1. Modelling each spin label as a point 7 Å along the Cα-to-Cβ direction, I'd like the Phe162/Ser30 distance in nm, to one decimal.
2. Any lysines with Cα under 27 Å of the Lys87 Cα? List them, leaving off those in the same chain fewer than 8 positions away.
3. Under the rule a/c < 1.5 gives rounded, and otherwise a/b versus b/c splits prolate from oblate, where does segment 34-158 land using the Cα gyration tensor?
4. Can you classify segment 73-126 as rounded, prolate or oblate using the Cα gyration tensor, where a ≥ b ≥ c are the square roots of its eigenvalues, rounded means a/c under 1.5, and otherwise it's prolate if a/b beats b/c and oblate if not?
5. Might you tell me the accessible area per residue for the chain, computed with a 1.4 Å probe and given in Å²?
6. Tell me whether segment 1-76 comes out rounded, prolate or oblate; compute the Cα gyration tensor, take square roots of the eigenvalues as a ≥ b ≥ c, and use a/c under 1.5 as the rounded threshold.
7. Before anything else, pin down the relative contact order of the chain: Cα pairs under 8 Å, at least 6 apart, normalised by residue count, whole percent.
8. Specify the inter-centroid distance of segment 192-225 and segment 60-109, based on alpha-carbon positions, in whole Å.
Amino acid sequence: MLAENAFLPILLTLSSYEVGRAIQRKTGNSLCNPILIGAILTASMLLLLKIPVDAYQSGCAPLQYLLTPATICYALGLYEQLEKLKKQLGAILAGILCGSIVSLLSIRAMASMFFLNDVYTISLLPKSITTAIGMVLSSEAGGIAALTTAAIVITGVLGSVFGESLCQLFRIHHPIAQGVSFGTASHAVGTSRAMELSQLTGAVSSLSLTVAGVITAVLFHFLIP
């Protein structure tokens with residue numbers, strides 16, 4: 001009965017995320033990421049209630065349709081910070097290009113190092129871009145969309161949780177440099193964290209995730225096995 005309920009997957013997803021947000025607000029700890037907590041809670045409930053994953057994914061289809069328009073909404077922050085971005089556009093684009101290339105080459109190198117087959121390599125290559133683009137690239141090239149999604153989510157959560165600490169460790173204090181780092185390395189999830197740091201950081205991160213997606217889409221086909 002639960003598996004056949006059309007509203008349960010959406011209710012479960014949103015409720016788990018809200019619990020994660022409440023925990024993060026309560027603790028103030030970056031490790032208590034709402035997406036990470038939400039994923040753990042959702043997976044636990046699916047196991048407890050014995051709901052098939054296919055049924056859950058089918059029920060969450062309406063949420064998946066919102067991925068692309070939600071990504072486009074980041075353009076609002078870009079518009080608000082447009083004048084500041086214009087002054088540093090060259091440096092921003094250079095940083096995004098370097099970050100995108102390093103991401104792709106590092107995955108390709110590690111896939112060879114650990115003898116991953118072609119399907120897994122293709123699935124992992126787009127791990128640093130937004131899900132809406134990464135899933136399409138992976139599927140069209142013969143990868144596993146579910147594995148690509150998992151890699152993208154994990155990358156985003158890690159960037160959101162440890163991004164600020166890494167910026168402090170490597171003395172990346174400028175908001176524009178931080179925005180390039182978050183957006184290029186950890187896409188929309190990292191951008192949500194960047195927006196909490198400052199409006200400028202969030203705007204640059206929004207631009208970075210968009211441009212990184214385009215660059216990755218172009219270079220991706222040159223690196224697939």
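The values are calculated or read from the model by the stated rules, or taken from the named source; none is laboratory data. The structure displayed is predicted, hence computed values, not measured ones. Please note: Cβ atoms are built from the backbone with ideal geometry, for glycine as well, and neighbour counts cover all protein chains shown. Quick note on the areas: whole protein, heavy atoms, side chains included, nothing else; ligands and nucleic acids left out. Shrake-Rupley method; radii C 1.70, N 1.55, O 1.52, S 1.80 Å.
1. For the pair Phe162/Ser30, the computed spacing is 1.1 nm.
2. none
3. Oblate, since a/c reaches 1.5 and b/c is not below a/b.
4. oblate
5. On the way: 12530 Å² over 225 residues.
The answer is 56 Å² per residue.
6. oblate
7. It comes to 20 percent, rounded to a whole number.
8. 3 Å
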